[in-house]
Amino acid sequence: MSAPGQPALRLLLVVAVALVDADGRVLVSERPAGKQLAGLWEFPGGKVEPGERPEGTLIRELAEELGIRVEEPCLAPLTFASHAYPDFHLLMPLYVCRRWTGTPRSMEGQALKWVRPRALRDLAMPPADAPLIPFLIDLLEV
Ligand code: C5P
């Protein structure tokens, strides 16, 4: 809640997904130059548009950004991030997905890499994404 006299922060709903390959590695994508937080590594995803369900957003974004097709039952919710940026409050559910059709490739010129969940700790990620890492380590590292 905002303090008395303070304007409420705009709420932004973004969905993200950890794509997990057969070796237990997770795909991260570099935010391109010119965007806010450029150069930081993030989980694929994007803004939920009015009228969309979060799973529908992910299916759309994964096709647009990575050229893969995901069936809705393959998207398992894991946790969510909640982070106050200076100009908006971000709510970001994180899903896990282990099955898709096609090979993820950069459709928008963004750099991609597969990393072990533990190695996510060494990556420069947006402040909203970093608190999600322990959940992935718990889920995926044996
Ligand atoms: O990706 P997009 O620029 O549409 O996301 C809107 C905002 O949400 C970003 O400017 C960034 O501040 C935040 N964001 C984030 N972590 C992500 C994706 C977006 O903090 N994985």
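Which one of Ala63, Ala76, Ala84 is modelled with pLDDT of 95 or more and touching a Lys or Arg at 6+ places or on another chain (Cβ under 7 Å)? Before you say what the answer is, go through the steps one by one.
Working: Ala76 fails: touching a Lys or Arg at 6+ places or on another chain (Cβ under 7 Å); Ala84 fails: touching a Lys or Arg at 6+ places or on another chain (Cβ under 7 Å).
Residue meeting the stated conditions: Ala63.
Inside the stretch 100-113, can you point out the residues that are under 15 Å from the mean Cα position of the chain (by Cα) and in a strand (DSSP E or B)?
At the first step, the residues of the stretch 100-113 found to be under 15 Å from the mean Cα position of the chain (by Cα) are 104, 110-113.
Hits for the stretch 100-113 are Leu112, Lys113.
Identify all residues within the stretch 114-142 that are touching a Lys or Arg at 6+ places or on another chain (Cβ under 7 Å) and not in a strand (DSSP E or B); write none if there are none. Steps first, answer last, please.
As a first pass, look at the stretch 114-142 and keep what is touching a Lys or Arg at 6+ places or on another chain (Cβ under 7 Å): 114-116, 133, 137, 141.
Those that are touching a Lys or Arg at 6+ places or on another chain (Cβ under 7 Å) and not in a strand (DSSP E or B): Arg116, Ile133, Ile137, Glu141.
Answer yes or no as to whether Glu72 is touching a Pro at 6+ places or on another chain (Cβ under 6 Å) and surrounded by fewer than 16 Cβ atoms within 10 Å (Cβ to Cβ). Let's see the steps before the verdict.
On the way: touching a Pro at 6+ places or on another chain (Cβ under 6 Å): no; surrounded by fewer than 16 Cβ atoms within 10 Å (Cβ to Cβ): yes.
So Glu72 fails the test.
Does any residue in the stretch 107-126 that is more than 16 Å from Val20 (Cα to Cα) come within less than 6 Å, Cβ to Cβ, of a residue that is in a loop (DSSP other than H, G, I, E, B) and within 15 Å of the ligand (Cβ to nearest atom) six or more places away or on a different chain, and which pairs are these?
Within 6 Å, the pairs are Gln110/Pro32; Ala124/Leu40; Met125/Leu40; Pro126/Leu37; Pro126/Leu40.
The values are calculated or read from the model by the stated rules, or taken from the named source; none is laboratory data. The shown structure was predicted, so the numbers you read here are calculated from the model rather than taken from an experiment. Don't worry about glycine lacking a Cβ; one is built from the backbone with ideal geometry, like all the others, and counts go over all protein chains shown.
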